[in-house]
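The values are calculated or read from the model by the stated rules, or taken from the named source; none is laboratory data. Note that the coordinates shown come from a computational prediction; the quantities given were computed from them, not determined experimentally. When we count neighbours, we look across all protein chains shown, and the Cβ atoms used for this are built from the backbone with ideal geometry, even at glycine.
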């Protein structure tokens, strides 16, 4: 198997130099993406506000009156910095992931590299799916729920209006994006653990009831304190858990087929040697 792996002996200093090179490429990619995103930070923030405008429409309110405020002079500036960091991380992630893969790949066999590469592709795709669910459906639903709690002025009532702060709105949508993005990595993580033999589909099925409870607990911690957002995160988590069981079962079936093929190959070789 030595021909399948780049097992050339290297001193520690060369590994550290290789790590430094990969870190420099990753940091450089993030810095360039951050500068570009900061230049367009206001446009990016306006794009992130679209789910709030959609929620205003769902609440049958005047979209022209939808506004966000900031109460400290530096608040909107630092909000733009956070937007630029968020966008820079998203844009630079493929380069960062590629640098991590290039650093790890020389220590893997060819079959291990071939098995690892699909997960490297599936991870950002699933993250984007989770982020898209947040952007197009979940955030408008959550903001609609909060907007319905407003109160109009009337006899004995005072007007209570929702005026979100730019920093708090950004924190909300970033928390939701990262929460859903991480939850959508569940099939990738469980499939990797199944490939190395740390998890089995039977074990996942046995722990299903505990996973359901844990899904609601995690949703209560990661999402705003309202039932709609908690249920909205818990339900996809449970569905993804079922997908993870199915993926683990596929891995086990593939491993069983490989074992049968290897056994047949060994038998053929033994018969040839006897002849």
Original post:
Residues 19, 44: which one is in a helix (DSSP H, G or I), in contact with a helix residue (DSSP H, G or I) (Cβ under 7 Å, 6 or more places away or on another chain) and at pLDDT 90 or above?
Top reply: 44
Original post:
Can you name every residue in the range 47-64 that is more than 14 Å from residue 139 (Cα to Cα), part of a helix (DSSP H, G or I) and touching a helix residue (DSSP H, G or I) at 6+ places or on another chain (Cβ under 8 Å)?
Top reply: 63
Original post:
Quick check: is even one residue across the range 103-116 farther than 30 Å from residue 171 by Cβ, outside any helix (DSSP H, G or I) and either in contact with a helix residue (DSSP H, G or I) (Cβ under 8 Å, 6 or more places away or on another chain) or at pLDDT 80 or above (or both)?
Top reply: yes
**OP:** Could you please find all residues in the range 73-104 being over 30 Å from residue 42 (Cβ atoms), in contact (Cβ under 8 Å) with a residue 60 or more places away in the chain and surrounded by 15 or more Cβ atoms within 10 Å (Cβ to Cβ)?
**Re:** 99, 103
Subject >> Qualifying residue in the range 163-182 (condition: touching a helix residue (DSSP H, G or I) at 6+ places or on another chain (Cβ under 9 Å), part of a loop (DSSP other than H, G, I, E, B) and at pLDDT 85 or above) >> reply: yes
**OP:** Taking the options 30, 77, name whichever one is within 20 Å of the chain's Cα centre (by Cα), assigned to a helix (DSSP H, G or I) and at pLDDT 85 or above.
**Re:** 30
Original post:
What is the one condition in (1) more than 30 Å from residue 86 (Cβ to Cβ); (2) in a helix (DSSP H, G or I); (3) without any contact (Cβ under 8 Å) to a residue 24 or more places away in the chain that residue 197 does not satisfy?
Top reply: (2)
